[in-house]
Amino acid sequence: TVFFFPLSLFSSDAICNFVICNDSSLRSQPIIFNPDFFVEKLRHEKPEVFTELVVSNITRLIDLPGAELAQLMGEEDPKLPGANSTASGFFRSLMSLKRKEKGVVFGSPLTEEGIAQVSQLIEYLHKNLRAEGLFRVPGNSIRQQILKDALNSGTDIDLDSGEFHSNDVATLLKMFLGELPEPLLTHKHFHAHLKIADLTLFDEKGNKTSTPDKERQIEALQLLFLILPAPNRSLLKLLLDLLYQTAKKQDKNKMSAHNLALMFAPHILWPRNVTANDLQENITKLNNGVTFMIKHSQKLFKAPVYIRECARLHYLGSRAHTSKDDLDLLTSSGSKELQPLKSQKRSRLDSCHQEETQQRTEEALKELFRHVRNMPDSAKKKKLIRQFNKHPTVLTPGSDVPTSPAPRRTRSRSFSGLIKRKVLGTPVILERKSRDTTPEPARVSKENVQLLQKCGSPAHMSPVKLKSLEGRKEESCRRMRACLLSKDSSSL
């Protein structure tokens, strides 16, 4: 059994679910986690902090004067082109009369309920992207009015019944966007979009070129979309996804990304009640901006990495959120207190790795030292031991430092040495002047041990017992010598 608990705190483009799964076969499946979870959480719970964080990074990319920055922050009413012009007054009054009678969906401020109704149109168009001239060829006005009334009344619509054509639905979608009280990208973002369109690359000498800086434009649009109202951002994502898929089938529908931008720029970006004459200096720039949005729509709704990190630090870290410039500055500084979390983690991992490597090295050196100590006496062994003595720090304090090994007894190849080892059990120890070692105690044979147990220690023996013991030893030596001589003679 799987239970889903939706978090209604977040916008529709950041749906997160808690999953409680009792089926063991499903537990092995990977868990999908929204990387923008903390971004959405910060935007919902602390919108002022979130807006300040995003806008501080927007101003790093584009130059916004004081008035335009205040408009972006919502502190001043936006000053739009054509606002003081009287030439287009009649046109603006005519457009306002058309919007006088507002319906539930069309002509009303954008809401989640309105998006739910319009999403039916978008879903239907995704299935019918091959129609030639889609969004350019107008549909039937009667069918469009029937569909519009149905959407305003909230009745269920069966678009797959064949009653409506794809051109009817496409035209109605443009009509819905055009009748919004303000464009989908909002009035206060208008000047920011003009500045983003001007972002170009610099040459090696630092001079501005005419080549667009696509990476900076994508980053700036990602930031700007983050501070859009939640309904606007949700519908914008649905719309750009639709236009992106439409442009991918331009071999069938003859609608490229640029052609689609010409159709939708007046509805989603142009300020309301302005004409093309009001935007004659910027109309090409605005159309190219919408073309860019369509082509890169799959990247524009992801928060930049540094925004994710700042939002995560806001909830999980003790440090306050910072902008990208601050993160770069903190990374370059050597202060541990101001290091970002990533550098701290990396330093901890490096230190742990160094300690682990050092520990393994010391263990290997100890093992090597023990191996050298157990080697037979030779010039090579002496040389290796001298090298270890030159670097006594390779063994950590308190470790098992091996002591100098006791010299091994040399085995004599003579008959007398063999007799002494067999009969007397006394090893021959060669003491070297170069070593300060304690000789091994004399080894006692089993026979002598028995004699000592019977007679006691030599210090407490009487002269008679000691003399008889020496006689027994001499007798055993004579017998052994005769036995060996007889063996040698027989072999010859």
- Task: Grab the other residues whose beta carbon is less than 12 angstrom from that of residue 55, score K and R as +1, D and E as -1, and report the net.
- Result: -2
- Task: Please state the charge dipole magnitude for region 145-206, taken about the Cα centre, from unit charges on C-beta atoms (+1 on K and R, -1 on D and E), reported in debye and rounded to the nearest 20.
- Result: 420 debye
- Query: Ignoring ligands, DNA and RNA, what accessible area per residue does region 251-323 give at 1.4 Å, in Å²?
  - Reply: 43 Å²
- Message: Under the rule of at least 5 residues apart or a separate chain, name every residue whose amide H is placed under 5 Å from the amide H of residue 201.
- Response: 209, 211, 213
- Please report, as a whole percent, how much of the solvent-accessible surface of region 98-213 comes from carbon and sulfur atoms (probe radius 1.4 Å). 50 percent
- Message: About the Cα centre, and with charges only on the beta carbon of Lys, Arg (+1) and Asp, Glu (-1), how big is the dipole of region 125-281? Nearest 20 debye, please.
- Response: 220 debye
- Note on region 226-308: alpha-carbon gyration tensor, axes a ≥ b ≥ c; rule is a/c under 1.5 for rounded, else prolate if a/b larger than b/c, else oblate; result oblate
- Item | Mean accessible surface per residue for region 160-248, computed with a 1.4 Å probe while every protein chain stays in place, in Å² | 38 Å²
- Item | Among 147-155, 232-240, the order from most to least packed when residues are scored by Cβ within 10 Å on average | 232-240, 147-155
- Task: Using the Karplus curve 6.51 cos²θ - 1.76 cosθ + 1.60 with θ = phi - 60°, work out ³J(HN,Hα) for each residue of region 37-50 in order, rounded to whole Hz, and write x for Gly and Pro.
- Result: 4, 6, 5, 5, 5, 5, 5, 6, 7, 9, x, 5, 5, 5
- Item | Unsatisfied cross-links (Cα-Cα over 25 Å) in the set 127/214; 46/237; 79/302; 41/285; 148/252 | 127/214; 79/302; 41/285; 148/252
- Per the 1.4 Å probe, what fraction of the accessible area of region 218-286, in percent, lies on carbon and sulfur atoms? 47 percent
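The values are calculated or read from the model by the stated rules, or taken from the named source; none is laboratory data. Just so you know, these numbers come straight off a predicted model, no measurement behind them. All Cβ positions, even for glycine, are placed from backbone atoms using ideal geometry, and neighbour counts span all protein chains on display. Just so you know, the surface numbers come from the protein's heavy atoms only, side chains and all, with ligands and any DNA or RNA stripped out. Shrake-Rupley method; radii C 1.70, N 1.55, O 1.52, S 1.80 Å.
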